[in-house]
Amino acid sequence: MCGIIGHTGQQATQQFLIEGLKRLEYRGYDSAGVAIQNGSIHLYKKKGNIAALEGYLPEKISGNCGIAHTRWATHGKPNNENAHPHMSYSKRLVMVHNGIIENYQMIKEDLMAKGITFSSDTDSEVLLNLIDWEFSLTHDLIKAIKNALTQVEGSYAIAIIKSDEPNTIYACRNGSPLILGEKDGEYFIASDALAINAFANQIYYPEDKDLAIVHASKGISFMDENGVPKKIESEELVQTNDHAQKKDFEDFMLKEIFEQPDSLRRSFIQPSASSDIDHLVEKVKACNRIIVLGCGTSWHAGLIGKYLIEKLARIPVEVEYASEFRYRHPVIQSSDLVLSISQSGETADTLAANRLARENNAMTLGICNVKRSTLTRETDYQLYLNAGAEIGVASTKAFTSQVSILTQLALFIAKERKEELSKNTMQALEALPAKIETVLKQSEAIKQLALKYALANHFLFIGRGVNYPVALEGALKLKEISYIHAEGYPGAEMKHGPIALIDYSFPTFAIVTDDENRSKMISNIKEIQARNGKVIALIQEGDNETAQVADEVISIPNTMDELIPILSTVPLQLFSYHAAKIRGCNVDQPRNLAKSVTVE
Ligand code: M6R
């Protein structure tokens, strides 16, 4: 989490930093700050989002070199003192940091014993003061940075400017994302390409522990962890300017929900890629087991993938939270395919779990939205969502595209064994965008339903089979943006505990589709109603039996069983969105969250 941006070059820095911060705001928004080198360093930081910082900044800060940060708090509350950039104890260095310094307490005590004082509660200031201390010993900033970084444990992407060294930024990464870019004599560092793709046309991807020195007239140079100069080739960066546009929508989340017919179409694997897919499918078929890794919504997509791959392709699939997998000493074999799912490709736990798989010689596949993200660079094979930038913190279009890719993968693997089914399902998948349009037309009706239920403090979501992960996703969406407590459960498990919670004030969303579980779901609805609970049933068109039983109904068009999750997720997204808006929540920037979780 946290976003960092830096610029130096011929033009004024302030505009680049503010625009870059706006593009990085999805990574954290509890406080923000900028520091601009202009003979001395001018430092401004403020609790709150980028708009709050903008309101606080002077209109024009002159200077052509600076760094900026948008924060998601780890160590220390969101306040002005803990906001970045931090200034070192001697006031000669200013730094922004994304990551976590795990041994900061020990280092802090050591520095305090040397008489160094601190003005924040952050681990970042500890790293900065350590660098400054090393500088006081070596009088060489590069050596000081290297010496300090050998003493810290954890992850970092840092950028440093010096009060008496104009036009220069020092940057380094280890485990946290950092890219550099340039165009026509303007140079940038940032947490991701999105931050700079309106200004740069060349991008560099440094490796862990590389140090970059960015100079306004000399350009960008790199050295490795031993201080040996290193050449990193730049790649072309496709420039876009449409990032921050909500178009006619009130929020990014709503825009992204409504983009799903298009984003889904873009997830269809093109015939031009068929030889790559055939190669991948042959490799997957040779695996004994698939281990799917992910976090949050990506994990839910993975669970749907398990149901589909096992049902259609008959390969055993295990789905693991990346954060648990990486620390539980899992058995990983070279005959395993480890399939990591991540919208951002930067989630720290997913990256670490994927690295563990690589160390154990498993084949790795990444399903990812962000091109050239860390996950795509650290996997043997990649499948892209092509969903376009997802800015809303709540994942919506990425989820339906992830499920689409997993469905296609399952169908490709099953193709020879289930030729007819594969062909029919692919055709039905192609018809799905039009069916999503039909669901989106119900947004107003779903809003009316949300008006009725948005004041509930709790919600249960139930589903069976492939609708169980959909229930989990529905509950996650509701809780993260509306702060209504919500639980997702398999329908059958309800009797084993959660039903104790049900009363008139505890409504349930029941996902009931026309499959082998339908009659059992109807029984679940009756069990809830017998305890005075209200039930909103998500049904398929024409399911009059469930419609008569449920208190409220939302219906989705008919499609093949395997494709139901893509359709049934959309009304749940809309319900969460409307409930959150009714409750006055900021749906794009829910409290305590960040889009990309780049720390453990
Ligand atoms: O970028 P990733 O897909 O790796 O992110 C994983 C989760 O952090 C993410 O899905 C999170 O749960 C979303 N806020 C859900 O809407």
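The values are calculated or read from the model by the stated rules, or taken from the named source; none is laboratory data. It should be emphasised that the depicted structure is a prediction, and the values quoted were computed from it without experimental measurement. Because the Cβ atoms are built from the backbone with ideal geometry, glycine has one as well, and the counts that use them run over all protein chains shown.
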Find the helices (runs of 4 or more DSSP H) located wholly in the stretch 349-460 whose residues include 2 or more that are of a type in the set (Phe, Trp, Tyr), and list them.
397-414
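Based on this model, can you work out whether Gly294 counts as within 16 Å of the ligand (Cβ to nearest atom), closer than 22 Å to Phe399 by Cα, out of contact with any Phe, Trp or Tyr (no Cβ under 8 Å at 6 or more places or on another chain) and among the small types (Gly, Ala, Ser)? I'd like the intermediate steps shown before the answer.
Values: within 16 Å of the ligand (Cβ to nearest atom): yes; closer than 22 Å to Phe399 by Cα: yes; out of contact with any Phe, Trp or Tyr (no Cβ under 8 Å at 6 or more places or on another chain): no; among the small types (Gly, Ala, Ser): yes.
Here the answer is no, as Gly294 does not meet what is asked.
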Exactly one condition in (1) modelled with pLDDT under 95; (2) among the hydrophobic types (A, V, I, L, M, F, W, C); (3) crowded, with 19+ Cβ neighbours inside 10 Å is not met by Val34; state its number.
(1)
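Given the structure, is Ser568 out of contact with any strand residue (DSSP E or B) (no Cβ under 6 Å at 6 or more places or on another chain), assigned by TED's automatic domain parsing to the domain that holds Leu455 and buried (at least 23 other Cβ atoms within 10 Å of the Cβ)?
On the way: out of contact with any strand residue (DSSP E or B) (no Cβ under 6 Å at 6 or more places or on another chain): no; assigned by TED's automatic domain parsing to the domain that holds Leu455: yes; buried (at least 23 other Cβ atoms within 10 Å of the Cβ): yes.
Here the answer is no, as Ser568 does not meet what is asked.
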Return yes or no: is Ser342 crowded, with 22+ Cβ neighbours inside 10 Å, within 14 Å of the ligand (Cβ to nearest atom) and modelled with pLDDT of 95 or more?
yes
Members of the stretch 206-250 that are among the small types (Gly, Ala, Ser) and at pLDDT 95 or above
Ala212, Ala216, Ser217, Gly219, Ser221, Ser234
Could you list all residues from the stretch 506-524 that are in a loop (DSSP other than H, G, I, E, B), more than 11 Å from Ile556 (Cα to Cα) and modelled with pLDDT of 95 or more?
Phe506, Pro507
Taking the stretch 297-311 as the region of interest, how many residues are crowded, with 24+ Cβ neighbours inside 10 Å, within 16 Å of the ligand (Cβ to nearest atom) and over 14 Å from the mean Cα position of the chain (by Cα)?
3
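Applying the selection to the stretch 525-565, what residues are among the small types (Gly, Ala, Ser), surrounded by fewer than 18 Cβ atoms within 10 Å (Cβ to Cβ) and part of a loop (DSSP other than H, G, I, E, B)? Give the steps one after another, and end with the answer.
Taking the stretch 525-565 and keeping what is among the small types (Gly, Ala, Ser), we get 530, 533, 537, 542, 547, 550, 555.
Now drop any that are not surrounded by fewer than 18 Cβ atoms within 10 Å (Cβ to Cβ), which leaves 530, 542, 547.
Within the stretch 525-565, Ala530, Gly542 qualify.
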Enumeration of residues in the stretch 89-146 that are crowded, with 22+ Cβ neighbours inside 10 Å, in contact (Cβ under 8 Å) with a residue 40 or more places away in the chain and among the acidic types (Asp, Glu):
Asp123, Asp132
Among Leu365, Leu351, which is in contact (Cβ under 8 Å) with a residue 12 or more places away in the chain, touching a helix residue (DSSP H, G or I) at 6+ places or on another chain (Cβ under 9 Å) and farther than 19 Å from Asn288 by Cβ?
Leu351
Does Asn174 satisfy the criteria of being out of contact with any His (no Cβ under 9 Å at 6 or more places or on another chain), outside the structural domain of Pro590 (by TED's automatic domain parsing), part of a strand (DSSP E or B) and at pLDDT below 95?
yes
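Which of the helices (runs of 4 or more DSSP H) contained wholly in the stretch 264-344 include at least 3 residues that are touching a residue at least 40 places away in the same chain (Cβ under 8 Å)? Walk me through how you get there before you give the answer.
On the way: elements: 274-285, 296-308, 322-325.
Correct list: 274-285, 296-308.
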In the stretch 345-375, the residues that are more than 12 Å from the ligand (Cβ to nearest atom) and either on the phi > 0 side of the Ramachandran plot or not assigned by TED's automatic domain parsing to the domain that holds Ser323 (or both)
Asn361, Arg372
Ala159 vs (1) more than 23 Å from Thr70 (Cβ to Cβ); (2) assigned to a strand (DSSP E or B): all pass except (1)
Leading residue by the ranking (nearest to the ligand (Cβ to nearest atom)) among those in the stretch 376-391 that are surrounded by 24 or more Cβ atoms within 10 Å (Cβ to Cβ) and over 19 Å from Ile309 (Cβ atoms):
Glu390
